[in-house]
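Input: a single structure, listed below in structure tokens.
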Amino acid sequence: MSPETQRLLSALGDRLGAGGVLTGSDVDQRYRDDPDGKLGALPEVVLRPRDTIGVAAALAGCNAVGQPVVIQGGRTGLAGGARVQPGEIVLSLERMSGLAAPDTQAATIIAEAGATLQAVQEAADGAGLMFGVDIGARGSATVGGNIATNAGGIRVLRYGMYRAQVLGLEAVLADGSVLTSLKGLPKDNSGYDLSQFFIGTEGTLGVVTRAALRLHPKPASEVAAFCALPSLEAAIALLGTLRQKLGPILSAYEVNFAPLYDEMAATMAMQAPLPVGSPVYVLAEIQGSEPDRDGERFAEVLMQSVEDGLVEDVVVSQSPREFRALWDVREDANRYLFSMKGMISIDVSLPLERMAAFLDAADSAIHAADPGARIYVFGHLGDGNLHYQVLTVDPYAAYTIIYRAVAAAGGGVSAEHGIGLDKKQWLHLVRSDAEIATMRRLKASFDPKNILNRGRVFDLDRP
Ligand SMILES: Cc1cc2nc3c(=O)[nH]c(=O)nc-3n(C[C@H](O)[C@H](O)[C@H](O)COP(=O)(O)OP(=O)(O)OC[C@H]3O[C@@H](n4cnc5c(N)ncnc54)[C@H](O)[C@@H]3O)c2cc1C
């Protein structure tokens with residue numbers, strides 16, 4: 001550590017108070033955690049401010065000496081954005097987890113960046129409202145990480161991605177300047193909406209410290225249906241039918257392709273809701289405001305789809321317990337796949353009409369490269385977002401095959417997990433030179449010394 005950095009840390013120790021600067025043996029292994037199992041470096045220093053002023057002091061100091069900083073929320077990101085690189089100091093938002101009481105009239109809540117998604121959901125629920133985003137990592141993923149990655153999840157179909165939940169935010173720039181936009185106004189065209197720069201930019205332009213988030217009315221009815229289908233084409237047709245017949249109450253549409261469900265069913269703690277053996281399974285959900293009619297309408301459309309041959313078999317939840325049990329089956333996919341060592345996890349976005357062609361091309365190219373490769377696909381079909389998982393002896397070849405196939409199909413190499421460190425070499429397949437050059441210009445203007453999340457999304461210094 002340079003003498004300059006040591007002087008900085010002793011100044012910050014006074015500024016951030018007890019537990020605000022961790023060094024040496026006080027830095028524990030959890031700051032290296034990575035759900036993909038790719039351990040980062042053990043950081044020499046972790047800064048843990050308690051408030052925005054503390055974040056501003058930390059960044060101004062690091063910027064003055066050119067000290068690289070990696071921002072950490074809950075470390076559940078799946079693109080390596082929060083993974084520590086040698087020489088980086090960690091800036092953790094873990095001591096900034098406060099939530100203001102929800103404003104029930106405006107249906108908003110102000111959250112600090114280190115608050116977990118689950119804490120926001122529970123606060124909304126306690127006020128008779130709901131938060132529109134839900135993801136499997138809800139207990140650890142934070143508001144700041146969700147904003148930085150523009151998290152998606154299971155109800156994007158109904159409520160949009162995280163960007164749609166952010167009415168405004170507060171962020172600190174690399175030089176310590178604080179930008180605060182927390183009025184929570186649904187409409188405000190008074191100049192540039194600077195908050196947008198920090199949503200989905202993976203911590204490369206600034207540190208999010210607080211956000212004003214939109215809440216929604218709590219649904220009066222929630223019903224889930226688990227369906228077995230003969231093909232992807234049938235699943236896409238059923239999505240169209242449900243949208244047309246049910247309109248906005250369709251809130252989730254999740255897919256699971258063979259052989260994933262069959263293998264999961266063999267190791268599930270709960271009873272599998274439908275027999276195995278179908279090529280495609282879908283979990284569809286409605287959230288409505290008319291409990292007496294919603295479930296009935298949903299069941300009618302599904303029964304008609306069985307008669308029309310779109311659906312082979314279906315089970316519809318009849319109680320909150322059954323509703324939860326069907327969702328547990330969906331979430332069990334993560335349990336099953338994360339238990340397989342060496343599995344690579346790819347999160348892609350595709351136009352629905354090109355999805356079947358993409359799957360055919362990717363599956364056959366991967367099997368040509370590695371005949372023993374095992375492929376598992378599931379995801380958020382309603383949003384054109386597939387999680388494509390591969391167990392192969394040659395992960396690099398698989399990544400390259402899939403990302404090229406995605407680009408050929410007019411898709412995106414990251415639907416919701418971001419680019420981070422792990423996908424930057426493939427960004428050029430789906431974004432033009434002009435787009436990447438513009439991203440670099442923005443980064444250079446917000447963070448001229450390149451101290452924040454250096455090397456995430458793209459490298460600044462490479463032409
Ligand atoms: C089981 C499981 C299921 C998941 N399901 C989904 C899903 O359905 N949809 C989805 O979108 N994602 C999903 N994810 C990925 C992950 O949960 C999200 O990317 C989440 O938004 C990351 O939040 P975090 O607090 O853990 O961020 P981290 O992992 O700590 O950080 C992620 C990125 O954000 C930056 N960052 C963190 N905090 C801030 C801040 N305050 N200001 C600026 N930058 C910051 C980091 O530097 C890093 O680049 C899943 C992950 C797991 C493990």
> What is the gain in length, in nm to one decimal, between Asp33 and Leu442 on full extension, counting 0.36 nm per residue of separation less the C-alpha to C-alpha distance?
Replying inline: 144.3 nm
> Going by how many other Cβ atoms sit within 10 Å of their own, how do Glu307, Glu263, Glu202, Glu233 line up, fewest first?
Replying inline: Glu307, Glu233, Glu263, Glu202
>> Just to confirm my numbers, what's the Cα centroid distance between region 208-222 and region 229-306 in Å?
In response: 25 Å
> How many angstrom separate the Cα center of region 388-410 from the Cα center of region 102-173?
Replying inline: 31 Å
> Hey, what did the chain get for relative contact order, percent, Cα under 8 Å, at least 6 apart?
Replying inline: 15 percent
> How compact and how long is the chain, expressed as Rg and Dmax of its alpha-carbon atoms in Å?
Replying inline: 22.9, 75
> Can you give the charge dipole size of region 221-338 about its Cα centre, rounded to the nearest 20 debye, using +1 on the beta carbon of Lys and Arg and -1 on the beta carbon of Asp and Glu?
Replying inline: 200 debye
> How do Phe226, Phe358, Phe338, Phe197 rank when sorted from fewest to most other Cβ atoms within 10 Å of their own Cβ?
Replying inline: Phe338, Phe197, Phe358, Phe226
>> Based only on other Cβ atoms within 10 Å, what is the fewest-to-most ordering of His387, His216?
In response: His216, His387
> From a point 7 Å beyond the Cα of Leu194 in the direction of its Cβ, which residues of region 143-182 have a backbone N at a distance under 17 Å?
Replying inline: 167-182
> Just in region 255-355: which trypsin sites (Lys or Arg not before Pro) are loop by DSSP and have at most 15 other Cβ atoms within 10 Å?
Replying inline: Lys341
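Pairs of Cα atoms under 8 Å, at least six residues apart: use those to get the relative contact order of region 296-402, whole percent.
25 percent
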> Rounded to the nearest 500 deg cm²/dmol, what is the calculated helix-only ellipticity per residue at 222 nm for the chain, with -39500 (n - 2.57) per DSSP H run of length n ≥ 4?
Replying inline: -10500 deg cm²/dmol
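All of the numbers you see were taken from the coordinates with simple rules; none came from a lab. Computed from a predicted structure; not experimentally measured. Every residue, glycine as well, gets a Cβ built from its backbone with ideal geometry; the counts of neighbours run over all protein chains shown.
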